[in-house]
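Values quoted throughout were computed directly from the atomic coordinates according to the rules given, and no laboratory measurement underlies them. None of these values were measured; they are calculated from a predicted model. Here the Cβ positions follow ideal geometry from the backbone for every residue, glycine too, while neighbour counts run over all protein chains shown.
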Amino acid sequence: MTEFWESSFIQNQTMWGFEPADSAIHTNDLFEEKNVKEVLIPGIGYGRNAKVFIENGMNVTGIEISKRAIELARESGLEIPIFHGPVSDMPFDDRQYDGIFSYALLHLLSEEERGEFIRDCYAHLKPGGHMVFTTISKDAPMFGKGTQIGEDYFEIMEGVKMFFYDRKSIKRDFGDYGLVEVTKIMEPHKNAEGKPPFPFMVITCRKPF
C-alpha cells in the first residue's frame, strides 16, 4: 500500500493546488472558537490544509506516508513536525492534541483500518478536544462503480479502494467516539476550472471531559 500511494502521489504531485479545502477552513473556524492550540493532521500530504491552522496561530503536527509529499511540504516552506509513515503506525508519540483534522483519508482504508484509525485519533485527543474527518459520500459519482468488495466498499480502479459513507455508517463507526455533528459539503476543485464540486461528509466529534 505504501508503494502504491507513493507512486500515485508522484504522478499527481500537487494536483489539488495550494489553497486549503473548504472543510479545512470551516474546521479552522471551529478550532478558533474552541481555542484549539495543538492540531494533528493525519495524512497531511504536501500541507495545503495545514497552512490555514498555522496562519491562525495553531501548532500543527502532521503524519504522512509519502516521502515526496513531505519533500514538497518542505519546499513550500512548511517547517512543522511531520512523522513519516502510515496512520496504521499511530501513535508516533505520546502527545494529545485539542484538535485533529483528517481530509480525504478515512475512505481509503479497509473496515479494520478505519476502526483502528478512528480509535487512535480519539486516543490522541485531549478531553474536551474536537476531531473532524472529511470523507467521501455515497453521493459521489464513483459510488457503485468498479468491483464491489464489501458493503458500500468498491475497488473503483486497480489498487484504489474506497468506502462510501452515509449517515447510517457514520453513526455506526463514530457513535462511540463523541459524534456531535454530520454535515454535507460540496468541495470545489480549486485547482481545476470547470470541474464540478465534489460531495463529501464532514464528521465532527468531541471527547468529553
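Observations, loosely collected:
- Remark: 126, 195, 67 ranked as 195, 67, 126, counting other beta-carbon atoms within 10 Å and listing the fewest first.
- Residue order, fewest to most surrounding Cβ atoms within 10 angstrom, among 162, 201: 162, 201
- Over the stretch 52-175, the pair-distance histogram of Cα-Cα distances with 5 Å bins from zero comes to 2, 9, 18, 21, 18, 15, 11, 5, 1 percent, rounded to whole numbers.
- Working from the Cα coordinates of the chain, the gyration tensor eigenvalues give, after taking √(5λ), semi-axes of 23, 21, 17 Å in decreasing order.
- Rg(Cα) / (2.2 N^0.38 Å) computed for the stretch 119-209, rounded to two decimals: 1.23
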